[in-house]
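Single-structure report; data block below.
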Amino acid sequence: MTISTHVLDAARGRPFAGITVSLQRRDGTEVSSAETNADGRITGWGDGLEAGVYRLVFDTAEAAPFFPEVVLTFDYSDPEQHYHVPLLLSPFAYSTYRGS
């Protein structure tokens with residue numbers, strides 16, 4: 001299965017295109033890097049990844065300068081499941097959840 005993300009502009013109610021996101025192991029080793037598409041999404045990561053703790057590092061400097069980087073760390077405990085880790089971003093706040 002795979003890991004995906006979706007970056008949403010919570011202030012405007014729109015997707016954030018062009019956000020660079022790095023998928024990393026817990027030790028900081030980069031597994032992959034991509035940029036959100038026009039719908040604010042990156043899909044298809046994780047094929048062949050081992051279970052473990054990973055993080056998504058979002059370069060949000062242009063989108064929300066107060067938060068130049070957002071790091072979401074999660075436990076990829078069952079590679080047989082799909083992991084969707086969205087980021088809702090506004091100028092002075094952000095949130096996340098485990099999506100479907």
Scalar couplings 3J(HN,Hα) for segment 26-40 by Karplus 6.51 cos²θ - 1.76 cosθ + 1.60 (θ = phi - 60°), nearest whole Hz, x for Gly and Pro, are 4, 7, x, 5, 6, 8, 6, 9, 7, 10, 4, 7, 4, 8, x
Comparing F67, F16, F58, which has the greatest mean-square fluctuation in the GNM of the chain with Cα pairs linked when under 10 Å apart? F67
For the chain, the accessible surface attributable to carbon and sulfur atoms (probe 1.4 angstrom, ligands and nucleic acids excluded) amounts in percent to 47
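Counting heavy atoms of the protein chains only and a 1.4 Å probe, report the per residue accessible area for the chain as a whole number of Å². Kindly include the intermediate steps, with their values, before the conclusion.
On the way: 5580 Å² over 100 residues.
Counting only protein heavy atoms, the per-residue value for the chain is 56 Å².
What is the gain in length, in nm to one decimal, between A61 and R98 on full extension, counting 0.36 nm per residue of separation less the C-alpha to C-alpha distance? Present the calculation step by step, with values, prior to reporting the outcome.
On the way: separation 37, 0.36 × 37 = 13.32 nm, distance 2.36 nm.
Full-extension gain reported as 11.0 nm.
Based on the Kirkwood radius over alpha-carbon pairs, what is the Stokes-Einstein translational diffusion coefficient of the chain at 10 °C with 1.306 mPa s viscosity, in µm²/s?
Numbers: Rh = 13.4 Å.
Taking Rh from Cα pairs, D becomes 118 µm²/s.
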Kindly list the residues of segment 1-25 that lie in the label zone of D39, defined by a backbone N under 14 Å from the point 7 Å along the Cα-to-C-beta vector. 4-8, 15-17
With DNA, RNA and ligands ignored, accessible area of T29 (1.4 Å probe; Å², nearest 10): 60
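Contact order normalised by length for the chain, with contacts defined as Cα pairs under 8 Å and 6 or more residues apart; what percent is it? Please report the intermediate quantities before stating the final value.
Details: 236 pairs, mean separation 32.0, N = 100.
So the answer I get is 32 percent.
The values are calculated or read from the model by the stated rules, or taken from the named source; none is laboratory data. Since the structure is predicted, the reported quantities are computational estimates derived from the model, not experimental observations. Positions of Cβ are backbone-derived with ideal geometry, glycine not excepted, and every protein chain shown enters the neighbour counts. Heavy atoms of the whole protein, side chains included, go into the accessibility calculation; ligands, DNA and RNA do not. Shrake-Rupley method; radii C 1.70, N 1.55, O 1.52, S 1.80 Å.
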